[in-house]
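Following: one structure in structure tokens, then a few remarks.
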Amino acid sequence: MKRIITVICLIIAFSVSAQTSIKAGNEAEISLNNLPDKQIKARMLTSGKIQNGSSLTFILSEPTSIAGVSTKKGQIISGIAREQDGRLYVDVSTVKIDGKVYPTKIKVYSENGIEGFGLSGRNPNSKKPIEISNSGTNAILMIY
């Protein structure tokens, strides 16, 4: 009787283990599908006081292609600033390359790999403009 119970327990344990590893593999596949096509280094050109809805401008530090169009090092990328939960996010939905506008999806990350830029010491409900003290802040643009 003990042997039968042990065998049943082992079968259940292997079954649960196999299901868990299958689920983990599926989750990995899903997250791989959401990875960006490219990660490009850039520098912020904007400085001074900004608010939600202000334009932030970046310059690419290397050549790449966006929306299937080749760009050169020094390409200008602009996005709309949005403050949320103590971070400054930048929404980039279009890019102007050689006088033409292309739809795109680009997310801006700080150098530490976190989306947006930290706004330390700022009251989350503050209506005061956000001060960007120096242009040249490094960023990573994730191009999807």
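The rows are residues; the columns are (1) touching an Asp or Glu at 6+ places or on another chain (Cβ under 6 Å); (2) part of a strand (DSSP E or B).
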position: SER70; (1), (2): no, yes
position: LYS73; (1), (2): yes, no
position: GLY79; (1), (2): yes, yes
position: GLU83; (1), (2): no, yes
position: LEU88; (1), (2): no, yes
position: VAL95; (1), (2): no, yes
position: VAL101; (1), (2): no, yes
position: TYR109; (1), (2): yes, yes
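Taking the condition within 18 Å of ASN138 (Cα to Cα) and modelled with pLDDT of 95 or more, does THR104 pass? So that I can check it myself, show each step before the final result.
On the way: within 18 Å of ASN138 (Cα to Cα): no; modelled with pLDDT of 95 or more: yes.
Judged against the criteria, THR104 is not a match.
Considering every residue within segment 84-103, establish whether at least one is more than 27 Å from ASN134 (Cα to Cα) and charged (D, E, K, R). Scanning segment 84-103, I find at least one residue that is more than 27 Å from ASN134 (Cα to Cα) and charged (D, E, K, R), so the answer is yes. Is at least one residue of segment 117-132 at pLDDT 95 or above and surrounded by fewer than 16 Cβ atoms within 10 Å (Cβ to Cβ)? The answer is no, given that none of the residues of segment 117-132 is at pLDDT 95 or above and surrounded by fewer than 16 Cβ atoms within 10 Å (Cβ to Cβ). Here SER78 clears all of (1) without any contact (Cβ under 8 Å) to a residue 24 or more places away in the chain; (2) loosely packed, with under 14 Cβ neighbours inside 10 Å except the condition numbered (2).
Do the conditions hold for GLN84, that is, is it surrounded by 10 or more Cβ atoms within 10 Å (Cβ to Cβ), at pLDDT below 95 and under 19 Å from SER110 (Cα atoms)? For GLN84, the condition - surrounded by 10 or more Cβ atoms within 10 Å (Cβ to Cβ), at pLDDT below 95 and under 19 Å from SER110 (Cα atoms) - is met.
The values are calculated or read from the model by the stated rules, or taken from the named source; none is laboratory data. Given the structure is predicted, the values throughout are model-derived calculations rather than measurements. Glycine gets a Cβ as well: all are built from the backbone with ideal geometry, and neighbour counts include every protein chain shown.
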